[in-house]
Amino acid sequence: MTERKQLTTAHGAPIGDNQNSLTAGRRGPLLMQDYQLLEKMATFNRERVPERVVHAKGSGAYGTFTVTNDITRYSKAAVFSEIGKQTDCLLRFSTVAGERGAADAERDVRGFAVKFYTDEGNWDMVGNNTPVFFVRDPYKFGDFIHTQKRDPKTNMRSSTAMWDFWSLSPESLHQVTILMSDRGLPQGYRFVNGYSSHTYSFINADDERFWIKFHFKTMQGIKTWTNAQAADIVGADRESSQRDLFEAIEKGDYPKWRVCVQIMPEQEAETYHINPFDLTKVWPHGDYPLIEIGIMELNRNPENYFADIEQAAFEPSNIVPGISFSPDKMLQARIMSYADAHRYRIGVNYAALPANKPQCPVHTYHRDGKLRFDGNNGGAVNYEPNSMGGPAEDQRYNEPPLKVSGDADRYDHREGNDDYTQPGNLFRLMSAGQKAQLFRNIAEAMAGVPDRIKARQLAHFYRADPAYGRGVAELVEMDIEEMAALADLSLADLFHKTCEENYQSLTTGSPLPAPGA
Ligand code: NDP
């Protein structure tokens, strides 16, 4: 048996008794001077950091990214510099809506956030297991998340809020279709693909820019549960995804993903028929095929969940030379909001925590702040410019200029946007079994939702594909003719007709009042 270490206070003083508190007499009361008890209780009170507002429940592991294909003509990033090059990484999976104690086997999008500890700084690819998202303008993000969280009055999740918001936001249809499909309820994190969803950019050594999307294809295969199977799983095990991932890695069955990119030359963005910076759209593989760049393997469980996963902080703003942003409005907003959330949740010095600390040297003029737990750069010069030999910029790391044009304004993000073709394409590629499951999942998720909201959403399904609308309408017992008539209306008329005070079945023949009437 190894010799046991002396138990101490947080300040290193040896502790003589960790069983009995200090009391005046055998029966108490406690003495105020029992600082060991006070320190223990006060530290316990502060054990939790605020949970993430979204993606609170997560699992993660360390691993390795290995380059398998030469893409140096597209990106000068050190991480891709040669075939066979390996880079350490940390991957955190999550569910989105549930709190930290939520069950894993729930219908939800899965977060897929990777930190690559590259030679030129940390590169974070903070994606999901879906290639698109519910909204395309960040102004709507907080509203959307409120519909996924608890109702302010009932403190329960509200299907009415979800379908009300989605049906008033047709750009969500693509993601709603994925969420309600078989893939919306994965068997575990090993069985999901990851997508950057956003468009990013590559920059090569000649300063040429390419627009790109990242795809991480699971090599374990896609595996999913039905709602009924998941209900049994949750009843038996709320940590099913955590357990599956942890145990696979413990026994050496390391999960792997094939890392691929789609690449679009910079100029093509101006003429391509889809806005390549719209987060609700994919780039069809037929137009931009997947190009493999490497293999990612997870092969080390965290030694301490809190230190390695709860304190891990991923942010799309972490880019490195050769990999950069795009004009995607959602990405632009996330560049601010992730780092901002980390500063609030785990403090301004979060980048120095072991899970977030780059493996390359870090030289900044940032100083002080709460919980500055490293050496705070000692006596080194803390201003710039200086003539003391402090760290200096290098213009070789500047990006080529990005052309932007247009008037600054609040542009209607729905104008001229086709929100129906891509969800329809997805529906049409599903097998009959997958379609049946999609209809059933939607019908179950719509239980208790008012008819006028169901009718509004059915119009969107019908527009994507009449068979999609009909399949759901039959299960939720809504009128198919009414759905087809609503699908013919302009969005303004559809919203107007289905608002609380105006909704009457079109089949009653009541005239449709004009919007604003
Ligand atoms: P493709 O036939 O080339 O690709 C279809 C893609 O759909 C495949 O990647 C497949 O993944 C994926 N898929 C199959 N079932 C589902 C599901 N239930 N939920 C989500 N994805 C699924 O066609 P296109 O590239 O033209 O895309 C057609 C539609 O496929 C798109 O509108 C989009 O909805 C969806 N899709 C497209 C992606 C893209 O980047 N182009 C990525 C993912 C989905 P797998 O290969 O693993 O079976």
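The values are calculated or read from the model by the stated rules, or taken from the named source; none is laboratory data. Because the structure is predicted, anything quoted here is derived from the model rather than measured. Note that each Cβ is placed from the backbone with ideal geometry, even for glycine, and that neighbours are counted across all protein chains shown. These area figures cover heavy atoms from the full protein model, side chains too; ligands, DNA and RNA do not enter into them. Shrake-Rupley method; radii C 1.70, N 1.55, O 1.52, S 1.80 Å.
Can you tell me the orientation of helix 35-45 relative to the chain, as the angle in degrees between its alpha-carbon axis and the longest Cα principal axis, to the nearest 10?
It is inclined by approximately 20 degrees.
Testing the spin-label approximation: label points 7 Å from Cα along Cα→Cβ at Ile222 and Leu290. State their distance in nm.
Between Ile222 and Leu290, the label points sit 1.0 nm apart.
Given charges of +1 on the Cβ of Lys and Arg and -1 on the Cβ of Asp and Glu, with all other atoms neutral, how large is the dipole of the range 193-342 about its Cα centre, in debye to the nearest 20?
Its charge dipole is roughly 320 debye.
Length gain on complete extension for the stretch Asp394 to Tyr35, per 0.36 nm per residue less the alpha carbon to alpha carbon distance?
Details: separation 359, 0.36 × 359 = 129.24 nm, distance 5.20 nm.
Result for the pair: 124.0 nm of gain on full extension.
So what's the convex hull volume per residue for the Cα atoms of the range 421-508, in Å³? Please list the in-between numbers first.
Values: hull volume 7.4 nm³, N = 88.
Enclosed volume per residue, from the Cα hull, is 84 Å³.
In nm, what is the difference between 0.36 nm times the number of residues separating Lys149 and Ser337 and their Cα-Cα distance?
On the way: separation 188, 0.36 × 188 = 67.68 nm, distance 1.87 nm.
Full extension of this stretch gives 65.8 nm more.
In whole angstrom, how far apart do the alpha carbon centroids of the range 201-248 and the range 429-491 sit?
Cα centres, the range 201-248 to the range 429-491: 28 Å.
Just the Kirkwood number for the range 279-423, please: inverse of mean 1/r across all distinct Cα pairs, in Å, one decimal.
For the range 279-423, the Kirkwood estimate is 20.0 Å.
Show me 412-424, 98-110, 391-403 ranked by packing, highest mean number of other Cβ atoms within 10 Å first.
Working: 412-424: 15.4, 98-110: 19.2, 391-403: 9.5.
The peptides rank, most packed first, as 98-110, 412-424, 391-403.
Through the Karplus equation 6.51 cos²θ - 1.76 cosθ + 1.60, θ set to phi - 60°, convert the phi angles of the range 377-387 into ³J(HN,Hα) values in whole Hz; use x for Gly and Pro.
Calculated HN-Hα couplings, in order: 6, x, x, 5, 4, 10, 9, 8, x, 8, 10 Hz.
Got a sec? What order do Ser21, Ser59, Ser405, Ser317 fall in by accessible area at 1.4 Å, biggest, i.e. largest, first? Write down the numbers at each step before the final one.
Details: Ser21 55, Ser59 0, Ser405 115, Ser317 30 Å².
Result of the area sort, largest leading: Ser405, Ser21, Ser317, Ser59.
Helix 451-464 versus the longest principal axis of the chain: what is the Cα-based angle in degrees, 0 to 90, to the nearest 10?
80 degrees
Where does helix 466-476 land angle-wise versus the long Cα axis of the chain, in degrees 0 to 90, nearest 10?
With both axes taken from Cα atoms, the answer is about 80 degrees.
Okay, which of the range 1-36 sit inside 20 Å, backbone N to the point 7 Å along the Cα-Cβ direction of Leu371?
The answer is 10-12.
May I ask you to rank Lys76, Lys85 by accessible area, largest first, using a 1.4 Å probe over the protein chains only? Can you show the working numbers first?
Numbers: Lys76 75, Lys85 40 Å².
The ordering from most to least exposed comes out as Lys76, Lys85.
What is the dipole size for the range 59-189, taken about its Cα centre, with +1 at each Lys and Arg Cβ and -1 at each Asp and Glu Cβ, in debye to the nearest 20?
Details: 15 positive and 16 negative charges, 42 e Å.
In total the dipole reaches around 200 debye.
For the chain, report the convex hull volume of the alpha-carbon atoms normalised per residue, in Å³, without decimals. All intermediate terms of the calculation are to be shown ahead of the outcome.
Details: hull volume 119.2 nm³, N = 517.
Taking the convex hull of the Cα positions in the chain, it is 231 Å³ per residue.
For a quick protection proxy, order the peptides 303-314, 7-18 by their average other-Cβ count within 10 Å, most packed first. Could the numbers behind the result be given before it?
Values: 303-314: 17.8, 7-18: 9.6.
Those peptides, ordered most packed to least, come out 303-314, 7-18.
For Glu481 and Ala205, what does the FRET efficiency come to when R0 = 45 Å and r is the distance between their Cβ atoms, rounded to the nearest 0.05? Don't skip to the answer; put the middle values down first.
Values: r = 61 Å, r/R0 = 1.36.
Once rounded, the FRET efficiency stands at 0.15.
If r is the Cβ-Cβ distance from Asp253 to Lys357 and R0 is 41 Å, what FRET efficiency results, to the nearest 0.05? Let's see the in-between values first.
Details: r = 29 Å, r/R0 = 0.70.
My answer for the efficiency is 0.90.
Describe numerically, in nm with one decimal, the distance between label points set 7 Å from Cα along Cα→Cβ at Val49 and at Arg410.
The modelled label-to-label distance comes out at 3.5 nm.
Give me the percent of the accessible area of the range 97-155 that comes from carbon and sulfur atoms, probe 1.4 Å, all protein chains in place.
Working: 1090 of 2120 Å².
The value for the range 97-155 is 51 percent carbon and sulfur by accessible area.
Can you bin the range 1-147 into rounded, prolate or oblate? Criterion: square roots of the alpha carbon gyration tensor eigenvalues sorted a ≥ b ≥ c, rounded for a/c under 1.5, prolate for a/b above b/c, oblate for the rest.
In terms of gyration-tensor shape, oblate.
Under a plain spin-label model, where a point goes 7 Å from the Cα along Cα-to-Cβ, how far apart in nm are Asn502 and Ser21?
6.4 nm
Could you calculate the contour length gain from Gln86 to Thr271, that is, 0.36 nm times the residue separation minus the distance between their Cα atoms, to one decimal place in nm? Show your work: numbers first, answer last.
Working: separation 185, 0.36 × 185 = 66.60 nm, distance 3.70 nm.
Extra length from Gln86 to Thr271 when fully extended: 62.9 nm.
Accessible area per residue of the chain at 1.4 Å probe, in Å²? Intermediate results must be reported in sequence, preceding the final value.
Numbers: 26550 Å² over 517 residues.
That works out to 51 Å² per residue.
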